[in-house]
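What follows draws every value from the coordinates through simple rules; no lab data is involved. These numbers were taken from a predicted model, which means no experiment stands behind them. Cβ coordinates were reconstructed from backbone atoms using ideal geometry, including for glycine residues, and neighbour counts include every protein chain displayed.
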Amino acid sequence: MELKDIVSVSGVPGLHKIIGRNKTGLIVETIGTGKKFATTLQQRVSVLADIAMFTDEGETKLWQVLQQLKALDEAGSNPPASNADNDEIKAYMGKVLPNYDREKVYPGDMKKLFSWYGIIKGLLDWSKLGQEEEESTEEAGSTDKPAEKTAGKAAAPKKVKTSAPKPTGGVKAKTTTPRKMGS
C-alpha cells in the first residue's frame, strides 16, 4: 500500500484505503475494520500523499516525517500514546522533526500523526515512500526526457473522435437561447 492510496475523511475516525470512485466521491475501506462506505460531497477527504507539516523554513511532506518517525521507532524510541501529556508529545515531535513550527503544529496534529503511523506502519510499502514525488520532480526539471523517449519511435496517429450530424427527421432542434423581447 502507498500513501496515495490512503485517505483521511473528516468526521470519520481512522484511515481509509481508496477502493473505487463514484459520481459524488470515493468508495473507501476502513483500515483495520474493513468497513466499506462511500464519501459524500460534504466530507473533506485528504490524501496522505498531499499532506505536509509546517516547519520554520516552509513545509515538509508527510512521507519524510513518517520516515523519520519510523527510524526513531526502529531505534527503540516508541511514539507516545494518544493519551500522553502534551509536553511529552511535543518533546517526541522535536526528535522527529526538530524544526517543526511550534505555533502552527498543534498537539492534536501530533497525536493524529502518531496514531496514523501506528495504523500504517505494518501496511505501508516503505521502499516506495517518496519515489513518486522524486520521479515527478525529475520529470519537471528536465524537458529533454520526453523528446528522447519518442525520438526512436514513430509517433502513433492520434485518434480523433468525430461525431456525424444526427438526422433530425425534419424536426427543428430546440434552442436554449432566450428570445429578444421588444424592439
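Loop-located trypsin sites (Lys or Arg not before Pro) in the stretch 1-72 (DSSP state other than H, G, I, E, B) with a sparse environment of at most 11 neighbouring Cβ atoms within 10 Å: K23, R44. Our coupling estimate for the stretch 17-29, obtained by passing each phi through the Karplus curve with A = 6.51, B = -1.76, C = 1.60 and θ = phi - 60°, is 9, 6, 10, x, 9, 9, 4, 9, x, 10, 10, 10, 10 Hz, Gly and Pro reported as x.
Rounded to the nearest whole Hz, the Karplus-based 3J(HN,Hα) values (6.51 cos²θ - 1.76 cosθ + 1.60, θ = phi - 60°) of the stretch 55-66 follow the sequence 10, 5, 8, x, 9, 10, 4, 4, 5, 5, 5, 5, with x at glycine and proline.
Across the stretch 117-129, rounded Karplus estimates of 3J(HN,Hα) from the backbone phi angles (6.51 cos²θ - 1.76 cosθ + 1.60, θ = phi - 60°) give 4, x, 6, 9, 4, x, 9, 6, 7, 5, 5, 8, 5 Hz, Gly and Pro being marked x. Within the shell of other residues whose beta carbon sits under 15 angstrom from the beta carbon of L26, the net charge comes to +4, with Lys and Arg scored +1 and Asp and Glu -1.
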